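The values are calculated or read from the model by the stated rules, or taken from the named source; none is laboratory data. Small disclaimer: the values here were computed from a predicted structure and weren't measured. Here the Cβ is made from the backbone with ideal geometry for all residues, glycine too, and neighbour counts use every protein chain on show.
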Amino acid sequence: MPELSLRTDAELELVSETVDLSNNNETPPGGGGDPTLPHSLRGFCMRIFLTGGMGFIGSHTAVVLLEAGHDVTLYDNLSNADADVVDRIEVITGKRPTFIEGDIRDGVLLEKALKESGAEVVIHFAGLKAVGESVEKPLEYYDNNIVGTVRLMQAMRNAGVSRLIFSSSSTVYGTPEKLPLTEDCPTGEATNPYGRTKLHIEQILADCAKADPSLSVVCLRYFNPIGAHPSGLIGEDPNGIPNNLLPYVARVANGRLPELAVFGSDYDTPDGTGVRDYIHVMDLAEGHAKAIPYAVAHTGWIAVNLGCGRGYSVLEVIRAFEKASGRRVPYRLAERRPGDIAANWCDPTLAKELFGWEAKYDIDAMCRDSWRFESMRAAQKQRAD
């Protein structure tokens, strides 16, 4: 694994001249940051550029960043998000992020947006993200995810931006050789095109960091984000039929879809269904905020797991959602889905050591917040109709 290097005192002094680090009494992103960082890097606000910022994880991260005092620009093509997400973020935070509609593969527009925003850190969420769909549409995934990232790195270089936090995935580990997964577990055997795009992007970013000693890249390997903002104003609301478990379960519980197909009931797990490390999206958003001071203080490339450190089966999630919603979730057992694995969950120790981060929410809170969002969103759409 490539190593990150701590910036020299001279480099940190240069950072403090270009970024407002003077107000050390303010709470830093995520609440305190890594206590091992130099004091001048605690409690600062920066200009943060989020690709895919209108999506599920991006919008929640925008809320956390705005509440921490950062200046936030959202760049998104709205292929899987609604334009009114900006309005809902403003209602939650009292602050309105800048929104630029654009495709990650449009290098000219992307470079212009980076320069005009004055971006100091990029958080890269933009990408197609459904395992099953990636098996059916591999070219679309390689084009959007990999080509889009290359365009982003070119635009960042031309705009003089050297700090990147990348939305990676636990799928880079492929079929686990052991559990829980740690960052030194083997990668390179991803079981689907989506996972391979994440793996290839990590390798591309590691090469870029090796070639450019000033570059700082933090790859956050997510496990399975679910939940919604506690206000119910933002959450996972994909266009069309959901590809991910929780929004599908929520729509079944609300009567918007007839039943859930549980793909695979013969895995070597306690109840035969797939086991995943589910993480509340607000915990994940906090993880991004807490990675920022680390990315500023270091150069090089590193990968860090973000998860709860335990797994829940699909049937356990269904039961938890029924408890949270008071509704029955009809389901049927179906054949395994191509590209899926039996189980994965992580050891999140490194994130705690480097960022001072750990997950706070349990599966009941994840399901409760998902149901609140689904109920409010469905009622809103019904009134609009």
Cβ-Cβ under 6 Å pairs, at least 6 apart or on other chains, region 209-236 side part of a helix (DSSP H, G or I), far side at pLDDT 95 or above
A209/L215; A209/V217; A209/G300; A209/W301
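Report yes if some residue within region 368-376 is without any contact (Cβ under 8 Å) to a residue 12 or more places away in the chain and among the polar types (S, T, N, Q); otherwise report no.
Narrowing region 368-376 to residues without any contact (Cβ under 8 Å) to a residue 12 or more places away in the chain: none.
No - not one qualifying residue is present in region 368-376.
Here is a yes/no grid of residues against (1) touching an Asp or Glu at 6+ places or on another chain (Cβ under 8 Å); (2) outside any helix (DSSP H, G or I); (3) among the hydrophobic types (A, V, I, L, M, F, W, C):
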site	(1), (2), (3)
A320	yes, no, yes
R328	yes, yes, no
R336	yes, yes, no
D340	no, yes, no
A359	yes, yes, yes
C367	no, no, yes
S370	yes, no, no
A379	no, no, yes
Q382	no, no, no
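Restricting attention to region 342-357, which residues are in a helix (DSSP H, G or I) and surrounded by fewer than 18 Cβ atoms within 10 Å (Cβ to Cβ)?
Of region 342-357, the ones in a helix (DSSP H, G or I) are 349-355.
T349, K352, E353, listed by residue number.
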Can you confirm whether A379 is in contact (Cβ under 8 Å) with a residue 24 or more places away in the chain and under 25 Å from G240 (Cβ atoms)?
no
I'd like to check something: does region 279-294 contain any residue that is touching a helix residue (DSSP H, G or I) at 6+ places or on another chain (Cβ under 8 Å), more than 30 Å from E67 (Cβ to Cβ), surrounded by fewer than 24 Cβ atoms within 10 Å (Cβ to Cβ) and of a type in the set (A, V, I, L, M)?
no
Please determine whether any residue of region 291-311 is assigned to a loop (DSSP other than H, G, I, E, B) and in contact with a Leu (Cβ under 7 Å, 6 or more places away or on another chain).
no
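For residues in region 165-191 being polar (S, T, N, Q) and closer than 30 Å to V121 by Cβ, which is modelled with the lowest pLDDT?
Step one: of region 165-191, the residues polar (S, T, N, Q) are 167-171, 175, 182, 187, 191.
Then drop every residue that is not closer than 30 Å to V121 by Cβ, which leaves 167-171, 182, 187.
Numbers: S167: 97, S168: 97, S169: 95, S170: 94, T171: 91, T182: 98, T187: 94.
For region 165-191, the residue satisfying everything is T171.
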Sole exception among (1) outside any loop (DSSP other than H, G, I, E, B); (2) farther than 30 Å from E111 by Cα for E183, by number
(1)
I'd like the full set of residues that are closer than 18 Å to S375 by Cβ and either modelled with pLDDT under 95 or outside any strand (DSSP E or B) (or both), limited to region 246-268.
L246, P247, Y248, V249, A250, R251, V252, A253, N254, G255, R256, L257
Candidates G307, G339, filtered to the one that is within 22 Å of the chain's Cα centre (by Cα), on the phi > 0 side of the Ramachandran plot and either modelled with pLDDT under 95 or not hydrophobic (A, V, I, L, M, F, W, C) (or both)
G339
